[in-house]
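Below: the structure, in structure tokens.
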Amino acid sequence: MTLQPANTGELQTIAHDARARSTPLRLVSRGTWPAGVTGGVVASTSLDLSLFTGIVEYVPGDLTLTAGSATTISEIDAATAAHNQWCPLLPWGDDGGSLGATFATATTGPCARSLGTPRDVAIGVQFVDGTGALARGGGRVVKNVAGFDLTRLMVGSWGTLGAITEISIRLRARPVVDESWTLYFTPGDIAAQSRLAALRRGPLAPLASEILTTAHAAALGFPRASALIRLGGNTAFVAAARAAMREIGRTEPCDTTVWSRYRALDPHPRAVTANAFADPLSRRIKMLFDPAHVWNRFECGTGAEGKS
Amino acid sequence: MPELATTLSHIVGTRYCLTRATELLAYATDALPGNRRRPRLAVMPGTRDETVAVVRALYAAGMPFVPRGAGTGLSGGALADNVVLLGLQRLRQIITIDPESRTATVEPGVVNAALSKAALPFGLHYAPDPSSQTACTIGGNLAENAGGPHCLKYGVTLNHVLAATVVLPNGEIVSLTAPSEETPAYDLLGAFVGSEGCFGVAIDITVRLTPNPEHVHTMLADFSSIDDAARATSAIIAAGILPAALELMDAATIQAVESSIYAAGYPIDAAAVLLVEVDGAADGLDDDVEAVVRICRACGARMVRSASDAIERGRLWQGRKKAFGAMGRLAPHLAVQDAVVPRSQLAPILARMAEIGTRHNVRICNVFHAGDGNLHPNIPYDAGNADESARVHAAMSEIMELCISVGGTITGEHGVGSDKLAYMERMFPGDSLDAMCRLRDAFDPERRANPGKVVPSHRCKEWHAAPGAHT
């Protein structure tokens, strides 16, 4: 069975009922979660959150955006690109996936080192928890310490405490120059690898640098390529970074769209089991936010991967 | 009570268990003037083990406590009203600095600036830099999720803490780490950061250290209207430049600083100055500097000058960081405010704040993190003057309502403490406040740590009906 609430009131009613009847719920947003691994959640009823969609507020001058949790990564990208901004997450997975699932699973991406992770990017969250309460934490401004941090609690909680309905995030201006390169060096070339590591740690650090597996390189059409590099910044910065990169090995320019193809390969799959939330403190939190234990009940020991 | 004092004295030594009224006077206030609460006693453990023993003894005695670092907080968060004050300032050991992983593990009483000083030989520093950094402690920073001017680029305390060992108020010890993608878990560390001493006591804290930038360029832009300075702030950010810091000071603040020992050479006839710092790799920095200068001039800056060397840069920064202190010359007390508004609203908000100040006949000194929209409208006043105090209070309330009405928040970095409790109900609906109480209950179900702070207690529903909730 699938339940599809149209608003937070209906979602609260579903939460109350599920608690009263101890009906386990499987949270689904955009449904991009790979079909083969959804068995990790034990539930015969799906809670479809896809109607919580759309950008609620976007003020380019504030570099902040608030959107329904089912809003897709592509929609956010399109809206922000029009103002030369972006959501800094650029997360692993298909861009048809939702913002809510990205935060619920704390999914990062290749730019996380330079631009931040979901816990750094989220500035506010609204959710319905397992008691049926509609709560929000944080707000729509970039700096906020009012109250205990429900935002950080919800990020990475994998839908086990409630359903995120709305998220506020900080955006970034897109760099003036944004260029991508394939980098070639012999596998096992220790000197090249340590030069790459030094570049990543240094002041000319790339936006992203990913060592490719043979399979991923082939899938992207770069057999033999060792790494994908993305350089961003102003003209002089990128020129210096490019020169440093060329010290590592042979390079070839490539189209920046390579990154969405690479992210869609989901090269860093996440997995969760009930053991993830089994320590005493986490169990107390679970009990306080989902007393009937009905939200995204993960099987012990079996992994659920990816995001929905 | 004498029994508890005896027990605690056995743990920490009589010298560090204070019970006399005269001794306790020093611990009756934090850095927010005008609020005093006398603790029942003050206990200051000297080691992590003593700290654990003290917390366990307090739990056994059923005695609530308030953790305190250096007492530099600005929200009345460290006031202990007839309960035990747990001073952590003696725990000042830097346990390890690992230049390879760029991390440090420290005790909670380590002073913020002392950590950066210790990391200097490795070319590293601890990035969050509250203005009180020469006195405030890492433990206090953790509790408050402290910010500072350079948080614009580098992020607040949350973004720099990697792990903490915490004694829960019942004496249980837990290790909190930032969850990684490979091992999903609730972000208990993220929840603990900024919990204002209500979730327990961190006895060791692992933080990220940041490489010192290759180059730093500090500029002072001089404006004849505060509105122009606010517009320049928005324009710099909108242009895609991310300065390390972008601070605004108004005429009242400039004059206070320039007539103090912290005189920094700010133009005393300016309506406002912007202190803009860009840093990073040498390559590309000049382009950012040129862009900042061009934008400031286009927005009406009379002059933009650059610090010629580290000494001049230090002087420009000292004026900013000691501005609150300089305001101390203007009146016996200072009402310190902390709110955040959407950056694009800065200019109209500043104009409306000025109108509020005029109407209540109070003098507002603005000195704030403009790049984040994090306002600090401070009002020097005499708390002994009832009429003036009432006017200051009325003006501050109006300013907070104004910030809330434009979608802002009641505190960006100082915390709620006791000072801002009343505003929490304006910010959050009842169910949200109750959810916050439940989060606290996971850490401290009996509400022993810093009782009565952050969330008004009448907003917390009883949840004990949930069977097995304590297990």
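Since every read-out is calculated from the coordinates, none of them should be taken as a lab result. All figures in this text were calculated on a predicted structure; none of them were measured in a lab. In this analysis, Cβ positions are derived from the backbone assuming ideal geometry, glycine residues included, and neighbour counts consider all displayed protein chains.
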Worksheet entry | Lys, Arg +1 and Asp, Glu -1 on Cβ, resulting dipole of the range B:331-424 about Cα centre, debye, nearest 20 | 200
Worksheet, complete the sentence: Hydrodynamic radius by Kirkwood for the range A:72-167, inverse mean 1/r across distinct Cα pairs, in Å, is 13.8
Worksheet item: Which whole number gives the average, over all residues in A:272-283, of C-beta atoms from other chains lying within 10 Å of the residue C-beta?
Response: 4
Practice prompt. Convert 10 °C to kelvin, take the viscosity as 1.306 mPa s, use the Kirkwood radius over C-alpha pairs of the protein assembly as shown as Rh, and evaluate the Stokes-Einstein diffusion coefficient in µm²/s, rounded to a whole number.
Written response: 59
Practice prompt. Please state the charge dipole magnitude for the range B:2-87, taken about the Cα centre, from unit charges on C-beta atoms (+1 on K and R, -1 on D and E), reported in debye and rounded to the nearest 20.
Written response: 140
Worksheet entry | FRET efficiency estimate (nearest 0.05) - Cβ-Cβ, A:SER260 to B:ASN212, R0 56 angstrom | 0.95
Worksheet item: For the range B:13-28, in order, what is each residue's ³J(HN,Hα) by Karplus, 6.51 cos²θ - 1.76 cosθ + 1.60 with θ = phi - 60°, in whole Hz (x at glycine and Pro)?
Response: x, 4, 4, 10, 10, 9, 10, 6, 4, 5, 5, 6, 4, 5, 10, 8
Worksheet item: Using a Förster distance of 30 Å, how high is the FRET efficiency between A:THR213 and A:ASN275, based on the Cβ-Cβ distance and rounded to 0.05?
Response: 0.65
Worksheet entry | Label point 7 Å beyond Cα of A:HIS293 along Cβ direction - residues of the range A:107-134 with amide nitrogen under 17 Å | A:130-131
Worksheet item: How large is ³J(HN,Hα) for each residue in the range B:236-245, as worked out from phi by the Karplus curve 6.51 cos²θ - 1.76 cosθ + 1.60 (θ = phi - 60°), to whole Hz, x for Gly and Pro?
Response: 5, 5, 5, 6, x, 8, 10, x, 5, 8
Worksheet item: Across bins of 5 angstrom width beginning at 0, how are the C-alpha pair distances of the range A:162-308 distributed, in whole percent?
Response: 2, 8, 14, 14, 14, 11, 9, 10, 9, 7, 3, 0
Practice prompt. For the range B:133-267, build the charge dipole from Cβ charges (+1 Lys, Arg; -1 Asp, Glu) around the Cα centre, then report which of B:ALA163, B:ALA251, B:ALA235 sits farthest towards its positive end.
Written response: B:ALA163
Practice prompt. Jot down the radius of gyration and Dmax of chain A, Cα atoms only, both in angstrom.
Written response: 20.7, 64
Fill in: Cα centroid separation, the range A:227-294 to the range B:1-78 (Å)
44
Worksheet item: Of A:ALA191, A:ALA292, A:ALA208, which is the most mobile in a GNM of chain A whose springs link Cα atoms less than 10 angstrom apart?
Response: A:ALA191
Discussion item. Explain nothing, just the number: dipole magnitude of the range B:213-329 about its Cα centre with +1 on each Lys and Arg Cβ and -1 on each Asp and Glu Cβ, in debye rounded to the nearest 20.
Written reply: 500
Worksheet item: Could you state the number of Å between the C-alpha centres of the range B:356-427 and the range B:101-153?
Response: 27
Practice prompt. Take every Cα pair under 8 Å in chain A that's 6+ residues apart, average their separations, divide by the length, and report that relative contact order as a whole percent.
Written response: 24
Response to the item:
Computed curve, chain B, Cα-only Debye sum without solvent term, log₁₀ I(q)/I(0) at 0.10, 0.13 Å⁻¹, is -0.76, -1.26
Response to the item:
Most exposed first, judged by fewest Cβ atoms within 10 angstrom, A:THR32, B:THR411 run A:THR32, B:THR411
Discussion item. Using +1 at the C-beta of Lys and Arg and -1 at the C-beta of Asp and Glu, which of B:MET436, B:GLY34, B:PRO267 has the Cα lying farthest in the positive direction of the dipole of chain B?
Written reply: B:GLY34
Practice prompt. Sort out for me the Cα centre separation of the range B:319-351 from the range B:264-306, rounded to whole Å.
Written response: 21
Worksheet item: For A:HIS16, B:HIS10, what ranking results if the residue with the fewest other Cβ atoms within 10 Å of its Cβ goes first?
Response: B:HIS10, A:HIS16
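Compute for the range B:213-329: radius of gyration divided by Kirkwood radius, i.e. Rg/Rh, restricted to C-alpha atoms, rounded to two decimals.
Answer for the range B:213-329: 0.96.
If you take the beta carbon distance between A:ALA6 and B:ASP98 as r and set R0 to 41 Å, what does 1/(1 + (r/R0)^6) give as a FRET efficiency, to the nearest 0.05?
With a Förster radius of 41 Å, E is 0.20.
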Worksheet item: Which Cα, out of B:VAL12, B:LEU25, B:GLY77, lies furthest along the positive dipole direction of the range B:2-87 (beta carbon charges, K/R +1, D/E -1)?
Response: B:LEU25
Worksheet, complete the sentence: Rounded to one decimal in nm, the spacing of the 7 Å Cα→Cβ label points at B:GLU258 and B:VAL174 is 5.3
Fill in: Area projected by the alpha carbon convex hull of the range A:50-124, averaged over all directions, nm²
4.7
Fill in: Vicinal HN-Hα couplings computed from phi for the range A:125-130 (Karplus, 6.51 cos²θ - 1.76 cosθ + 1.60; Hz; Gly/Pro x)
8, 10, 8, 10, 9, x
